[in-house]
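Heads up: the structure comes next, in structure tokens.
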Amino acid sequence: MGLLKSFFTNCANPKGRMGRLMLCFMNFGHAPLTNWGLDIVDFQDEWTMLDIGCGGGATLKRLLKRSNGSRVYGIDISEESVAKARKVNDALLGKRVFVTQGSAEKLPYDDGLFDLVTAVETVYFWPSLPDCLQEVHRVLKPGGSFAIMVEVLEADSKWTDLCEGMTAYTPEQLKDLLDEAGFIQTGIHRKKPSYATILGVKP
Ligand SMILES: C[S@@+](CC[C@H](N)C(=O)[O-])C[C@H]1O[C@@H](n2cnc3c(N)ncnc32)[C@H](O)[C@@H]1O
């Protein structure tokens, strides 16, 4: 595998030194997309929230700031991501921040636990996305929201060539999948040049 390809494969599952570098880069590089996407959400105090594919944990910090007295949970398949997310949130770890290694396919949480679930730049890597969306639906409270944030991709873009196991979804495809999974009030928000947030609510 070429060096560039090996580096970008760390987007899907950060590992080792290159993975740690990628996590630092993503914590800063994904800030504009994440902050814009979170502005669309009508946050309330004391929410319980989950960030799936939490990477280096910057989104967990951002979520905490938007809801006073909240608790945030992060989950990621990568051991390296979990370690970094714990380190970045160490002051509140085990108190208001909880980070677990695991997959979107089988979320280790009770039904109806979360007011908000987020997924930033990660759904491209989830196996069997419809099954994962059922899991998100299961762990949300009735009236809870799911926010997917992505940079709009072309199916044959350089990213899908560079990142092994990546599937490019258009925002329209993601909205359709949310509709099929039983979400309501689904909608697509866009910001130039390439940002999209796809929202759905559990009835
Ligand atoms: C491109 S990174 C984005 C990380 C973070 N959300 C951010 O915005 O910086 C994608 C993350 O999704 C994680 N991931 C990939 N497949 C996953 C799965 N099936 N379940 C949970 N996390 C997954 C990867 O390990 C990686 O940390």
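At-a-glance table
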read-out: Where Leu129 falls short, out of the listed (1) within 9 Å of the ligand (Cβ to nearest atom); (2) touching a residue at least 40 places away in the same chain (Cβ under 8 Å); (3) closer than 20 Å to Ala181 by Cα; value: (1)
read-out: Residue within segment 148-156 that is crowded, with 19+ Cβ neighbours inside 10 Å and in contact with a Gly (Cβ under 7 Å, 6 or more places away or on another chain) present; value: yes
read-out: Single condition Asp42 does not satisfy, out of (1) within 29 Å of Asp131 (Cβ to Cβ); (2) surrounded by 15 or more Cβ atoms within 10 Å (Cβ to Cβ); (3) not aliphatic (A, V, I, L, M); value: (2)
read-out: From Val136, Val97, Val117, residue being more than 13 Å from the ligand (Cβ to nearest atom), crowded, with 21+ Cβ neighbours inside 10 Å, within 21 Å of Gly55 (Cβ to Cβ) and not basic (Lys, Arg); value: Val97
read-out: Members of segment 143-159 found to be within 18 Å of the chain's Cα centre (by Cα) and either of a type in the set (A, V, I, L, M) or away from the ligand (no atom under 11 Å from the Cβ) (or both), listed by number; value: Gly144, Ser145, Phe146, Ala147, Ile148, Met149, Val150, Val152, Leu153
read-out: Residue under evaluation Tyr169, criteria (1) within 13 Å of the ligand (Cβ to nearest atom); (2) assigned to a loop (DSSP other than H, G, I, E, B), criterion not met; value: (1)
read-out: Those residues of segment 12-32 which are within 13 Å of Lys84 (Cβ to Cβ) and small (Gly, Ala, Ser), in sequence order; value: Gly16, Gly19
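Yes/no per residue for (1) more than 10 Å from the ligand (Cβ to nearest atom); (2) in contact with a Gly (Cβ under 8 Å, 6 or more places away or on another chain); (3) of a type in the set (Val, Ile, Thr):
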position: Cys11; (1), (2), (3): no, no, no
position: Lys15; (1), (2), (3): no, no, no
position: Leu23; (1), (2), (3): no, yes, no
position: Pro32; (1), (2), (3): yes, no, no
position: Asn35; (1), (2), (3): yes, no, no
position: Ala58; (1), (2), (3): no, no, no
position: Lys61; (1), (2), (3): yes, no, no
position: Arg71; (1), (2), (3): yes, no, no
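Every number in this text was worked out from the coordinates using simple rules, so none of it is lab data. All of these numbers come straight from a predicted model, not from anything done at the bench. Positions of Cβ are backbone-derived with ideal geometry, glycine not excepted, and every protein chain shown enters the neighbour counts.
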